[in-house]
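Engineer: Shown below is the structure under consideration.
The values are calculated or read from the model by the stated rules, or taken from the named source; none is laboratory data. Since the model is a prediction, treat every value here as computed from it, not as a measurement. Note that we place each Cβ from the backbone using ideal geometry, even for glycine, and neighbour counts take in every protein chain shown.
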Amino acid sequence: MVNGLTAKYVKTSSGYMGQILEWPEVVTEGPNLEDCRASLLDAAQEMVLAYRQMDKEIPVEHSFFETILVEMA
């Protein structure tokens, strides 16, 4: 089964930090966006395996995220 998770990327002084919003414990870094994305996917897959081995429920929320526009003038 494939589930969609939401990835957030933040530019840092050393590259990028990535995090799964539905699963905040899954956080990675990379020197560029492509490496960070690959590392985040790998970390999420490893967490799925670890949770299955520990017989823990994988935290998949039934929520959604959206961008809202706020005037900053």
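Engineer: Taking the stretch 13-25 only, how many residues are assigned to a strand (DSSP E or B), of a type outside the set (Asp, Glu) and either at pLDDT below 95 or loosely packed, with under 12 Cβ neighbours inside 10 Å (or both)?
Structural biologist: 3
Engineer: Sticking with this one: Determine if the stretch 41-64 includes at least one residue that is at negative phi and assigned to a strand (DSSP E or B).
Structural biologist: Scanning the stretch 41-64, I find no residue that is at negative phi and assigned to a strand (DSSP E or B), so the answer is no.
Engineer: From (1) within 17 Å of residue 3 (Cβ to Cβ); (2) over 10 Å from the mean Cα position of the chain (by Cα); (3) surrounded by fewer than 16 Cβ atoms within 10 Å (Cβ to Cβ); (4) of a type in the set (A, V, I, L, M, F, W, C), pick out the condition that doesn't hold for residue 47.
Structural biologist: (3)
Engineer: Still on this model: Looking at the stretch 24-73, which of its residues are among the hydroxyl-bearing types (Ser, Thr, Tyr) and more than 18 Å from residue 8 (Cα to Cα)?
Structural biologist: If the condition is that a residue be among the hydroxyl-bearing types (Ser, Thr, Tyr) and more than 18 Å from residue 8 (Cα to Cα), then 51 is the only one that fits.
Engineer: Right, next: Can you tell me how many residues within the stretch 35-68 are in contact with a Phe, Trp or Tyr (Cβ under 9 Å, 6 or more places away or on another chain) and either at pLDDT 95 or above or not acidic (Asp, Glu) (or both)?
Structural biologist: Adding up the residues that qualify gives 9.
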